[in-house]
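Below you'll find the structure, written out as structure tokens, and then a few comments.
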Amino acid sequence: MTVADIVFIRQLMEANPKASRRRLSALLCEAWNWTQPNGQLKDMLCRSFMLLLHRQGHITLPEKRIEAINNVVARRSRQTTLLLPLETPPLEMSLKELAPLEIRQVRRTPQEGLFEQLMKEHHYLGYTQPVGEHLKYIIHAKGQPVAAMAWASSTPNVANRDRFIGWTKEQCARNIQLIAYNTRYLILPWVKVPRLASHLLGRLARRISRDWQQLYGHPIHLLETFVDPERFAGTSYQAANWIYLGLTTGRGKNDQTNKINRTRKRHLVYPLHKNWRQMLVCDYEPTTRHQNHPGAPRPGGAII
């Protein structure tokens, strides 16, 4: 943000003295063309941004007119009806014996609360609702959940990935929404099925772009993840033909000290079709029309 940007926001507020916080956010989105690929305004992001400026003293927002419902609290209250049995029998069998597997995308569905419950109770990192575009999957077999997976919009300026793609900073800023980041992957602790993890990665790779297109109006061309080597070797990703790019810097995206302050993660990516690189460096024009994209890259592809 520049001083001129803040002056513009102040002038916008002065020109609309009766506007609510929500209306001011919409006006700013329209003025700056802050829109999602499906054409909707980035209203929630803009409101959070203006609230940050308000708290830092750069602008003075009008008083709240309506106390918004806290969706996090509402989801927690719904989870009481989604509890799993206290004793879940172990599932120790082959992948063939476990089949069939049903993969459900549960973002914006009644099962979203179950997804968050599974992550909070069984994933070592827990779960926090991300801001921006994201999908949530629950995998069922034998009449019960066996795994869950979360994907979110990726972050710009990741050195290993940017070198691998070969794009400029301008191309990255324009097309970063075409990359999805695997933020959580959970095989429930009572499930002991060899090759299940790599099998599900292959299944998700063939459908995630279509699911993203349906919900957010644009496809996905590249998947990525970061694996903590102090906990995991990333074997299932490698078995599913993900490409290892190297270790992260260990400094985080907001670092200003150039000193390692966290574990260096193993960075892996997975292209979704043969023309993925060209699609990431081109001038992407979003569309809400359904598009079909090939699933796994060739040669190779995900293990099924």
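Out of the residues in region 2-34 that are aromatic (Phe, Trp, Tyr) and touching a residue at least 12 places away in the same chain (Cβ under 8 Å), state the one that is farthest from Ile59 (Cα to Cα). Even if it seems obvious, please write down each step before you answer.
Step one: list which residues in region 2-34 are aromatic (Phe, Trp, Tyr), which gives 8, 32, 34.
Restricting the remaining residues to those that are touching a residue at least 12 places away in the same chain (Cβ under 8 Å) gives 8, 34.
Details: Phe8: 11, Trp34: 19 Å.
Here the residue is Trp34.
Of all the numbered requirements in (1) in a loop (DSSP other than H, G, I, E, B); (2) modelled with pLDDT under 90, His58 misses one, and that requirement is (2).
For region 215-234, a residue qualifies if it is over 18 Å from Ile176 (Cα atoms) and touching a strand residue (DSSP E or B) at 6+ places or on another chain (Cβ under 9 Å), and the qualifying residues are Val227, Asp228, Pro229, Phe232, Ala233, Gly234. Number of residues in region 85-98 that are modelled with pLDDT of 90 or more and exposed (fewer than 12 other Cβ atoms within 10 Å of the Cβ) equals 3.
If the condition is being of a type in the set (Val, Ile, Thr) and part of a loop (DSSP other than H, G, I, E, B), then region 116-157 contributes Thr128, Val131, Thr155.
Pairing each residue of region 183-199 that is assigned to a strand (DSSP E or B) with any residue that is among the acidic types (Asp, Glu), provided the two are 6+ apart or on different chains, yields C-beta distances under 6 Å for Lys192/Glu92. Please verify whether Met44 is closer than 29 Å to Arg23 by Cα, within 23 Å of the chain's Cα centre (by Cα) and at pLDDT 75 or above, treating the condition exactly as stated. Yes: the conditions hold for Met44.
Condition check ((1) under 19 Å from Val158 (Cβ atoms); (2) of a type outside the set (Lys, Arg)) across all residues:
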site	(1), (2)
Ile187	no, yes
Ser198	no, yes
Ala205	no, yes
Arg210	no, no
Tyr216	no, yes
Ile220	yes, yes
Ala233	no, yes
Tyr237	yes, yes
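Do you know which residues across region 29-50 are farther than 14 Å from Met1 by Cα and not in a loop (DSSP other than H, G, I, E, B)?
Initial filter on region 29-50 (farther than 14 Å from Met1 by Cα): 29-31, 33-45, 47-48.
The answer is Cys29, Glu30, Ala31, Thr35, Leu41, Asp43, Met44, Leu45, Arg47, Ser48.
Restricting attention to region 267-283, and to residues there that are of a type outside the set (Lys, Arg) and part of a loop (DSSP other than H, G, I, E, B), which single residue is farthest from Asn160 (Cα to Cα)? Restricting to residues being of a type outside the set (Lys, Arg) and part of a loop (DSSP other than H, G, I, E, B), the top hit is Asp283.
State yes or no: is Thr225 outside any helix (DSSP H, G or I), of a type outside the set (A, V, I, L, M), closer than 24 Å to Arg163 by Cα and at pLDDT 95 or above? Taking the combined requirement at face value, the residue satisfies it.
Can you name the residue in region 109-128 that is within 13 Å of Ala150 (Cα to Cα) and in contact (Cβ under 8 Å) with a residue 40 or more places away in the chain and is also surrounded by the most Cβ atoms within 10 Å (Cβ to Cβ) among such residues? Checking each candidate, the answer is Glu116.
The values are calculated or read from the model by the stated rules, or taken from the named source; none is laboratory data. From a predicted model like this one, the values you see are computed outputs, not experimental measurements. We place every Cβ from the backbone using ideal geometry, glycine too, and count neighbours over all the protein chains shown.
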